[in-house]
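The structure appears right after this line, and notes come after that.
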Amino acid sequence: MSYISVKNLEKEYITSTGEIVHALSDINLDISEGEFVSVVGPSGCGKSTLLKILSGLLAKTSGVVTLNNTAIEGPRNDVGIVFQDPVLLLWRTVLQNTLLPSEILNLDSEVTTKRAKELINLVGLDGFEDKYPHELSGGMKQRNSIIRALIHDPSLLLMDEPFGALDAMTREQMNLELQRIWLESKKTVFFITHSIPEAVFLGDRIVVMTARPGKIAEIIPVDIPRPRDLKTMGDPEFVKLTQRIRGLLYAESTID
């Protein structure tokens, strides 16, 4: 049974001038619990729109979208979201930023503080609990953003190009870090990226989308053993998968 089920999803926008924009068309996707699904596609194909619908932040036009057999009709407490910008509150420390969702949800402070410290240790930020965002590197800020999204123990983690603003070396390290966090937490992850190697490195499956209106061109399994390391990117199977995806995308458009 699918943990996330998307059936015949359609999304249309109406612009300020009354024009109808068809963003998503006939999206059908099933995701298993604990699966890591990467999503790539041309610019403007509706990747982020799909993520926002899964989060409950954006209403669908038609179709059926469920999480754990419950229709997604609005924001949910069992979903965590990480964006490209860490969006940390400048006046709060690493620990305080991590605890923010638990405070909003009015969760037990003693329990969540203990969990926050465990997560801080998990991502290697121990010793930085009392540091403010301006005292952190880009990678450290994004780690803080990830554990903030995990503090309330969501069943689904949605990630919208979370490493897009990082330099190449930091990005590779964050890929390794995210894989490690995912292997330990076993969360279901829906991960949008414009990097084909990143999508293959992290994903169990790759959803390749077409240009707008966004459709699913192909869903490609990644049969590469875990844990993966940076040497994996030189393996023939890895190269073959990236070339296959690149061929699909360039057949449609340039990637985002």
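The values are calculated or read from the model by the stated rules, or taken from the named source; none is laboratory data. Here the structure is a predicted model, which means the values were calculated and not measured. Neighbour counts run over all protein chains shown; Cβ positions are idealised from the backbone, glycine included.
Just to check your reading of the model, which residue among Glu161, Glu118, Glu129, Glu135 is more than 15 Å from Val79 (Cβ to Cβ) and outside the structural domain of Leu99 (by TED's automatic domain parsing)? Just a single option satisfies the conditions, and that option is Glu161. Restricting attention to the range 213-227, the residues being over 26 Å from Ser48 (Cβ atoms) and either in contact (Cβ under 8 Å) with a residue 24 or more places away in the chain or crowded, with 17+ Cβ neighbours inside 10 Å (or both) number 3. All conditions in (1) of a type in the set (Gly, Ala, Ser); (2) in contact with a Leu (Cβ under 8 Å, 6 or more places away or on another chain); (3) exposed (fewer than 13 other Cβ atoms within 10 Å of the Cβ); (4) within 22 Å of Val208 (Cβ to Cβ) hold for Ser43, with the sole exception of (2). If you go through the range 177-186 and keep only what is surrounded by 14 or more Cβ atoms within 10 Å (Cβ to Cβ) and either under 23 Å from Leu54 (Cα atoms) or in the same structural domain as Leu119 (by TED's automatic domain parsing) (or both), you end up with Leu178, Gln179, Ile181, Trp182, Ser185.
In the range 1-45, which residue that is assigned to a loop (DSSP other than H, G, I, E, B) and among the acidic types (Asp, Glu) is nearest to Asp153 (Cα to Cα)? Outline the logic, then answer.
Step one: list which residues in the range 1-45 are assigned to a loop (DSSP other than H, G, I, E, B), which gives 1-3, 15-19, 32-35, 41, 43-45.
The next check asks that each one be among the acidic types (Asp, Glu); those that pass are 19, 33, 35.
Working: Glu19: 41, Glu33: 14, Glu35: 16 Å.
Residue satisfying both the conditions and the ranking: Glu33.
Checking the structure you have, find out if any residue of the range 46-62 is in a loop (DSSP other than H, G, I, E, B) and among the basic types (Lys, Arg). Talk me through it step by step, then tell me what you get.
Quick first cut of the range 46-62, residues in a loop (DSSP other than H, G, I, E, B) only: 46, 56-61.
From what is left, the residues that are among the basic types (Lys, Arg) are 60.
Looking through the range 46-62, at least one residue is in a loop (DSSP other than H, G, I, E, B) and among the basic types (Lys, Arg).
Taking the condition without any contact (Cβ under 8 Å) to a residue 40 or more places away in the chain, surrounded by fewer than 20 Cβ atoms within 10 Å (Cβ to Cβ) and part of a loop (DSSP other than H, G, I, E, B), does Asp153 pass? Yes: the conditions hold for Asp153.
Check the range 74-92 and report whether any residue there is of a type in the set (Phe, Trp, Tyr) and at pLDDT below 95. Yes, the conditions are met somewhere in the range 74-92.
Scanning the range 16-40 for residues that are modelled with pLDDT under 95 and at positive phi gives a single hit, Gly18.
Among the residues making up the range 70-90, those that are out of contact with any helix residue (DSSP H, G or I) (no Cβ under 9 Å at 6 or more places or on another chain) and without any contact (Cβ under 8 Å) to a residue 60 or more places away in the chain are Thr70, Ala71, Glu73, Gly74.
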